[in-house]
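Everything below concerns the one structure shown next.
The values are calculated or read from the model by the stated rules, or taken from the named source; none is laboratory data. Quick caveat, the model's predicted, so the values are computed rather than measured. When we count neighbours, we look across all protein chains shown, and the Cβ atoms used for this are built from the backbone with ideal geometry, even at glycine. These accessible areas exclude ligands, DNA and RNA; they are computed on the full protein's heavy atoms, side chains included. Shrake-Rupley method; radii C 1.70, N 1.55, O 1.52, S 1.80 Å.
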Amino acid sequence: MCADVTTDVIKDASMLKQKEMIASNYDKITSAPETGVKVSSTFVPGNLNELTMCFDIANNLPEINALSNAMRKKTGAMISDAEKMGHSEDVCTYVKADLGMMAKGNIAPNGKPMPNPDMLLLSYTGCYTFLKWFELLREQYKCPTVMLHVPYEGEGKITKNMRDYVVKQLKEEVIPTMEQVSGVKFDIDRLREYMKDSAKAEDDLVWVLQSAKNVRSPIDAYFGAVYYIGPIFSAFRGTKDAVEYYSLLRSEIEERLAKGLGPVTPEGEMGEEKYRLVVEGPPNWTNFREFWKMFHEDGAVVVASSYSKVGGVYDYDGFRHDPQNPLESLAEYCMGCYTNRNLPDRTTMMADLVEEYQADGLLINSIKSCNSFAAGELLMLREVEARTGKPGAFIETDLVDPRYFSPANVKNRLESYFQMIEQKRQGGAQAA
Amino acid sequence: MSVKEIIDRCEVLFEDVNFTSAREWKDAKPGRKVVGYLPIYVPCEIIHAAGMLPIGILGGGSDLEVIHGDAYYQSYICRIPRSTVELGVTNRLDFIDGMLFPSTCDVIRNLSGVWKLMFPEVMARYFDTPQNYRKDIGGEFYKNDLRELIESLEELGGVKVTDDDLRNSIEVYNENRKWVNKVYQYRKDKPWKTPSAEIYLLMRAGEVLPPEEHTQMMQDYLAAVENEERRMKDNCRVVLNGSFCEQPPLGMIKSIELAGCYIVDDDFIMANRMITTDISTEGDPLENIANAFLTDSMPFPSKFEPSEEEKGLYLADYVRQSGAEGVIFAAASFCDPALLDQPLLYHVLDDQKIPYIAFQFAENSGQMQPIREQAGTFADSIKLWSAA
Ligand code: SF4
Ligand code: SF4
């Protein structure tokens, strides 16, 4: 989800467009002291980008900064600084990378210092760590902090009570705080307009993700999807730029599909598609290219992933931002993000994806930092194996802490998994 | 009854990972139901009003051999979910009709789904508490949430829960909390008379006994302990913080005291004193339960603190109110809520010049020597500091 992945990987028009968009957002943020633009920090899952835009507030996403720093091999030192400041080794490394970045002068990827945020928007979707993270940031910045409590879909559904609760918080807590911070009056029609554009971009993103249903997928829906989801999961959902980006992207993938091409990797066009996988869990960022290579060099393409749904599940059950009911729709968006869904639903989703995308099985990349994803994944693996009859595999890495990426272990596991898939195929062929 | 008799009984209840007393309660009358809940807090009044026995499931403790549970949880996740799964797969919880998983952390939240998948015949619910404390927003949400909980219990038990049932149960728990608070106050006043291991066992008993019986037990204990001859030691006084979910082994509590620290306040079992005032029995009972949570509940790391100025001050208040001289942070390994909160609390204590130390444990930690040494050094330094 950042320009670093993309620049050296793909040089398509969509890629250049995305690079430009990301750079302009960082410039908007870092030039805030001169321009007077107000800056809000917030999280990826359940972010309220269209709403923030209604107040001309720029959106800064600390998770993206952390992963971006990880890709530039900077997080090891940042995490170690945070640990020296008293943070435990055991906790989420995104938080520590962010606190360590602050300690190192809070330099944005464009090399300029990040201004202090004018507001912390704690949209508390799918992860308890968010709450602690922003309490820690608030202690430093002393800026207004607005909590949007997004109830968990514990019973596998969104009730009226849950929706009303989120809408009320939006109306009576979030919007008034944004008005106060920005000095801009809320205009619901402006929100509707942005949401129309969100839905357009979402349609194209879904088309792109679903193109992986083709056998010989034109995309990689995990490593490649990291850049496809970049704009819509961050500061661009609801913008004309995002509409344009997704339309460009779609036409590029349409072309690849028409030509029968596979995904593009950092090492160029991918060779034969030998294995089709569904992946659960976020990627590792510190060794992203090396990690990806372990897949593509063996002919493994990821055809669907849960990570491409952390900032919104658009493809699985058809959610779109709805300009007719803007606040209700924002509420449903926040509640529907992948990690805000209960484990049985996540499990069913993974099993369905294995079937629908004709995958060879489910691979879980379990992240040491992230209980939100990880707690329960071993059971998920068993269930998906049992339901689909396809073998699964489990690897363990971390997001941004280089100490927890062990290339030899990961490679071994993957190779045994590919062998297992081969054996299963041969067994199946013999039985037939 | 003597202190020894009471505490012996508590110890039997504590060590019994088959929950015999709750099973006996259930078998005593046909149709009885038992509802388990994970730490930290659920409104037990509601379960009680449905005629059911709420019991706290606080993990498998130090002696439970975890054989199956490890296959469900990675090494970097705390121990309580794996030992709870172990209790489940070894049929030790097979008498439980419903399980509630309160809003605590991502692990407990996901455990609600693990339970749904592994034990589909048991009613398993994630139980949300509001992070917005306005009556018209968070209060309204919580009231409806409580109503949904009642509906699911009514369905489970084939019963109807009336407002009068709720009022009656509120009274029972008001009385129980009153005695919990008296015990805690007594320990603050005379910690040499009430070793913390005893207080812990007494409170743990309340997690499996009907509240009326537990209230009686606390009354008996306070009466008996007053007559007990126990010598005051030259210990320092500490507040223990961070053990609100996974529970430390009893040996750790004993070790801290043996090392020269009286624990005068703690957060071991918060369910029984989360609400800090009596809940009103006038008017709408659900509204009263909801309002009590909004305005009169104890802070803990999974609860958002809306005011930056207030963040963590509660801990310094506990120190003052209990006449403590320092804080021991004891969090379960890999416990994100406790460990992420700690640095914020350190800053409050630093500002107020309250000394502290921190260590981590797992419910089955065996080696107590390092903890004893650390606590001993801490006690010595406090004594030196106060003498200076
Ligand atoms: S625990 Fe997971 S979801 Fe939460 S902040 Fe950390 S990495 Fe993100
Ligand atoms: S010990 Fe901490 S991390 Fe583990 S379940 Fe309890 S609150 Fe969650």
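None of B:372, B:320 is away from ligand 2 (no atom under 16 Å from the Cβ), in contact with a Leu (Cβ under 7 Å, 6 or more places away or on another chain) and either free of Cβ contacts under 8 Å to residues at least 12 places away in the same chain or open to solvent by 20 Å² or more (accessible area, probe 1.4 Å) (or both) except B:372. Of the residues making up the stretch A:268-287, those that are closer than 17 Å to residue A:365 by Cβ and open to solvent by 10 Å² or more (accessible area, probe 1.4 Å) are A:275, A:276, A:287. Among the residues of the stretch B:112-127, those that are within 7 Å of chain A (Cβ to nearest Cβ), buried (at least 22 other Cβ atoms within 10 Å of the Cβ) and either touching a Cys at 6+ places or on another chain (Cβ under 7 Å) or not small (Gly, Ala, Ser) (or both) comprise B:114, B:116, B:125, B:126.
Helices (runs of 4 or more DSSP H) fully within the stretch A:43-148 that include at least 2 residues being within 11 Å of another protein chain (Cβ to nearest Cβ): A:75-84, A:93-103, A:129-141. Selection of the stretch B:345-361 for residues being open to solvent by less than 60 Å² (accessible area, probe 1.4 Å) and either hydroxyl-bearing (Ser, Thr, Tyr) or over 18 Å from residue B:40 (Cβ atoms) (or both) yields B:346, B:348, B:349, B:354, B:355, B:357, B:358, B:359. Scanning the stretch A:326-380 for residues that are more than 13 Å from ligand 1 (Cβ to nearest atom), within 13 Å of another protein chain (Cβ to nearest Cβ) and among the β-branched types (Val, Ile, Thr) returns A:347, A:348, A:364.
Condition first: part of a helix (DSSP H, G or I), closer than 30 Å to residue A:35 by Cβ and open to solvent by 60 Å² or more (accessible area, probe 1.4 Å). Can you find one or more residues in the stretch A:207-214 that meet it? For the stretch A:207-214, residues part of a helix (DSSP H, G or I), closer than 30 Å to residue A:35 by Cβ and open to solvent by 60 Å² or more (accessible area, probe 1.4 Å): absent.
When the stretch A:119-140 is limited to residues that are in contact with a Leu (Cβ under 7 Å, 6 or more places away or on another chain) and among the hydroxyl-bearing types (Ser, Thr, Tyr), the one that is farthest from ligand 1 (Cβ to nearest atom) turns out to be A:123.
Looking only at the stretch A:391-403, residues that are assigned to a loop (DSSP other than H, G, I, E, B) and either out of contact with any helix residue (DSSP H, G or I) (no Cβ under 6 Å at 6 or more places or on another chain) or surrounded by 24 or more Cβ atoms within 10 Å (Cβ to Cβ) (or both) come to 5 in all. When the residues of the stretch B:334-368 are filtered to those that are within 10 Å of chain A (Cβ to nearest Cβ), more than 16 Å from ligand 1 (Cβ to nearest atom) and not in a helix (DSSP H, G or I), the one that is nearest to the chain's Cα centre (by Cα) is B:360. Checking each residue in the stretch A:149-186 for being in contact with a Cys (Cβ under 7 Å, 6 or more places away or on another chain) and either over 21 Å from residue A:117 (Cα atoms) or within 16 Å of ligand 1 (Cβ to nearest atom) (or both) picks out A:150, A:166. Picking from residues in the stretch B:77-102 that are open to solvent by less than 10 Å² (accessible area, probe 1.4 Å) and within 16 Å of ligand 1 (Cβ to nearest atom), the one that is nearest to residue B:149 (Cα to Cα) is B:81. Only one entry in A:15, A:71, A:53 is touching a residue at least 40 places away in the same chain (Cβ under 8 Å), away from ligand 1 (no atom under 16 Å from the Cβ) and within 25 Å of residue A:120 (Cβ to Cβ), namely A:53. Is it the case that some residue within the stretch B:130-140 is within 20 Å of residue B:272 (Cβ to Cβ) and open to solvent by less than 20 Å² (accessible area, probe 1.4 Å)? No: the stretch B:130-140 contains no residue that is within 20 Å of residue B:272 (Cβ to Cβ) and open to solvent by less than 20 Å² (accessible area, probe 1.4 Å).
Please work out if residue A:406 is closer than 20 Å to residue A:283 by Cα and within 16 Å of ligand 2 (Cβ to nearest atom). No. The sole residue among B:199, B:137 that is out of contact with any Ser or Thr (no Cβ under 7 Å at 6 or more places or on another chain), among the β-branched types (Val, Ile, Thr) and within 14 Å of chain A (Cβ to nearest Cβ) is B:137. Those strands (runs of 3 or more DSSP E) of the stretch B:20-106 in which 1 or more residues are within 14 Å of chain A (Cβ to nearest Cβ) and within 17 Å of residue B:118 (Cβ to Cβ) occupy B:98-102.
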